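The values are calculated or read from the model by the stated rules, or taken from the named source; none is laboratory data. Small disclaimer: the values here were computed from a predicted structure and weren't measured. Neighbour counts run over all protein chains shown; Cβ positions are idealised from the backbone, glycine included.
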Number of protein chains: 2
Amino acid sequence: MLVLVTYDVNTEDSAGKKRLRQVAKACISRGQRVQNSVFECVLDASQCAELEHKLESIIDPARDSLRFYYLGNRYHTKVKHVGAKPSYDAEGVLFL
Amino acid sequence: MLVLVTYDVNTEDSAGKKRLRQVAKACISRGQRVQNSVFECVLDASQCAELEHKLESIIDPARDSLRFYYLGNRYHTKVKHVGAKPSYDAEGVLFL
């Protein structure tokens, strides 16, 4: 299934900047960055649970915001991209 | 249906900063900001087409990125929020 991860991390201090790097790093290893703080990850249920647990362990819930959107398996018609940065198939390879 | 709008606007110049304000303004009037550049909008098909057209007329497609995710009508189980900023019912009223 396609899981969309969006986040806002409070980067007013160095700890926040570190959390931001860690959140991005965790997402990069499991999906595709499509915008600055928006990742698309094709995951099964256990991978999804693992990513959620990982990200929830990184953020400061009092200061950061994390959102997950579950778009299911037939997601190709549920996503539209306009503008800069090439669109791509979440399960395909992005040639830059 | 719930339409998620995410965007990255290039704000390196004043024109970009203006586009960013205009995109946010267009989304604010039609939905709920859930993160800095993430909006949730409950729209019918014609409202959705109108918002897409509006946003596409604002952005610079060579420099900005706009993504729409269509989560359908039964979206309550498709969204998970963790951390700061209250969750809310997209069709409800957010009491701050």
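Annotations
- Number of positions in the stretch A:16-44 that are small (G, A, S), in contact (Cβ under 8 Å) with a residue 24 or more places away in the chain and more than 17 Å from B:V82 (Cα to Cα): 1
- Among the criteria (1) surrounded by 16 or more Cβ atoms within 10 Å (Cβ to Cβ); (2) within 11 Å of the chain's Cα centre (by Cα); (3) under 30 Å from A:E56 (Cβ atoms); (4) not basic (K, R), the one B:E52 does not fulfil is (3).
- Among the residues examined, B:E91 qualifies as more than 23 Å from A:H53 (Cβ to Cβ), at pLDDT below 95 and touching a strand residue (DSSP E or B) at 6+ places or on another chain (Cβ under 8 Å).
- Residue within the stretch B:12-20 that is within 24 Å of A:R33 (Cβ to Cβ), within 12 Å of chain A (Cβ to nearest Cβ) and acidic (D, E) present: no
- For the stretch B:38-62, the tally of residues that are of a type in the set (V, I, T) and either away from chain A (no Cβ under 11 Å) or more than 25 Å from A:Y7 (Cβ to Cβ) (or both) stands at 1.
- When A:D8, A:D13 are checked against the criterion of being more than 28 Å from B:I59 (Cβ to Cβ) and acidic (D, E), A:D13 stands alone in meeting it.
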